[in-house]
Amino acid sequence: MRILPGIAALCLAWAAEAGTVSGSAAYRERIALPPDAVLQVELRDISRQDVAAPLLSARRYAMTRVPMDFSLEYDDALIDPARRYAVTARILQDERLLFITDTVAPVLTGEAGNTVDLMMVRVSDAASVLVGRDWALREIEGVGTEGPGAPSIAFEHGGRFSGRGGCNRFQGQAEIGATNMRFPDNIGMTMMACSQEAEALDRSYLAALAKVVAYAVEGDALTLAGVDGRVVLRFVAAR
């Protein structure tokens with residue numbers, strides 16, 4: 001088959017611009033996974049704490065062995081040497097989270113290379129400290145939340161969460177490990193008519209949830225932090 005010169009040039013240009021991050025994903029527990037378990041691996045830009053980490057590449061594999069090798073292709077034009085990038089992994093069954101990475105695995109820039117071996121933790125063990133309690137919101141970005149409504153959040157096993165802001169209720173599926181937490185890009189929320197103050201609180205709350213990458217529980221206190229470790233949300237267990 002003859003390839004036209006123009007098409008060949010485009011193919012060569014694409015190959016020159018494409019990069020690859022590769023590695024393996026595993027977990028320590030000696031347990032068998034269900035036959036329909038899926039490994040999802042993602043490459044994200046984690047440079048900015050004030051926005052959700054942009055997704056650069058993602059791929060899913062049937063989780064047929066442990067460790068499981070993976071490879072992610074990305075566009076070199078998206079990589080800035082001054083920014084930070086990381087790879088995450090999780091194992092799902094019918095979109096239910098089973099295992100997830102709970103540490104940052106840097107790649108591509110700084111001293112990091114383009115290969116990484118990821119170790120995941122079992123979600124049911126990691127997130128149990130969050131379950132069975134209603135967490136009342138006290139601060140967003142260091143500012144107290146006294147005002148409309150009773151903002152809160154609650155978690156279930158497997159990462160399901162639900163709560164309310166200044167007026168509206170929300171719910172979704174979070175990724176939760178031993179210390180890491182990430183909320184979905186689009187959290188489902190009701191659309192009730194609210195006061196301007198209550199709507200502003202709803203927006204601030206959801207914007208803060210988008211920044212979360214880690215959590216810590218100390219007694220009756222729950223803190224959610226961003227990429228740089230700065231606390232973005234504070235809660236107390238409701239009594």
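The values are calculated or read from the model by the stated rules, or taken from the named source; none is laboratory data. Just so it is clear, the structure is predicted and the values come from calculations on it, not from any experiment. All Cβ positions, glycine included, derive from the backbone under ideal geometry; neighbour counts span all protein chains shown. Surface areas here come from the heavy atoms of the whole protein model, side chains and all, with no ligands, DNA or RNA. Shrake-Rupley method; radii C 1.70, N 1.55, O 1.52, S 1.80 Å.
Between a first residue in segment 202-229 that is closer than 22 Å to LEU55 by Cα and of a type in the set (Ser, Thr, Tyr) and a second residue that is surrounded by fewer than 17 Cβ atoms within 10 Å (Cβ to Cβ) and modelled with pLDDT under 85, which pairs have beta carbons less than 9 Å apart while being 6 or more apart in sequence or on different chains?
Close Cβ pairs satisfying both conditions: TYR215/THR179.
Residues that are in contact with a Phe, Trp or Tyr (Cβ under 8 Å, 6 or more places away or on another chain), assigned to a loop (DSSP other than H, G, I, E, B) and either surrounded by 18 or more Cβ atoms within 10 Å (Cβ to Cβ) or at pLDDT 85 or above (or both): does segment 91-106 have at least one?
Of segment 91-106, the ones in contact with a Phe, Trp or Tyr (Cβ under 8 Å, 6 or more places away or on another chain) are 91, 99, 106.
From what's left, assigned to a loop (DSSP other than H, G, I, E, B): none.
No, segment 91-106 has no match at all.
Filter segment 224-239 down to residues that are open to solvent by 20 Å² or more (accessible area, probe 1.4 Å) and farther than 19 Å from GLY166 by Cα and give me whichever is modelled with the lowest pLDDT. Steps first, answer last, please.
Filtering segment 224-239 for residues open to solvent by 20 Å² or more (accessible area, probe 1.4 Å) gives 227-231, 234, 236, 238-239.
Now drop any that are not farther than 19 Å from GLY166 by Cα, which leaves 227-231, 239.
Values: VAL227: 83, ASP228: 76, GLY229: 82, ARG230: 87, VAL231: 92, ARG239: 57.
Here the residue is ARG239.
Have a look at GLY149, GLY165, GLY188, GLY144 and point out the one that is among the small types (Gly, Ala, Ser) and surrounded by 21 or more Cβ atoms within 10 Å (Cβ to Cβ). Step through it out loud before you land on a result.
Numbers: GLY149 fails: surrounded by 21 or more Cβ atoms within 10 Å (Cβ to Cβ); GLY188 fails: surrounded by 21 or more Cβ atoms within 10 Å (Cβ to Cβ); GLY144 fails: surrounded by 21 or more Cβ atoms within 10 Å (Cβ to Cβ).
Exactly one of GLY149, GLY165, GLY188, GLY144 is among the small types (Gly, Ala, Ser) and surrounded by 21 or more Cβ atoms within 10 Å (Cβ to Cβ), namely GLY165.
Out of all the residues in segment 184-194, which are without any contact (Cβ under 8 Å) to a residue 40 or more places away in the chain and part of a loop (DSSP other than H, G, I, E, B)?
PRO184, ASN186, ILE187, THR190, MET191, MET192, ALA193
Scanning for something part of a loop (DSSP other than H, G, I, E, B), closer than 13 Å to LEU130 by Cα and open to solvent by 40 Å² or more (accessible area, probe 1.4 Å), does segment 195-215 turn up at least one residue? Give the derivation first.
Going through segment 195-215, the residues part of a loop (DSSP other than H, G, I, E, B) turn out to be 195, 210-213.
Subset that is closer than 13 Å to LEU130 by Cα: none.
No, that holds for no residue.
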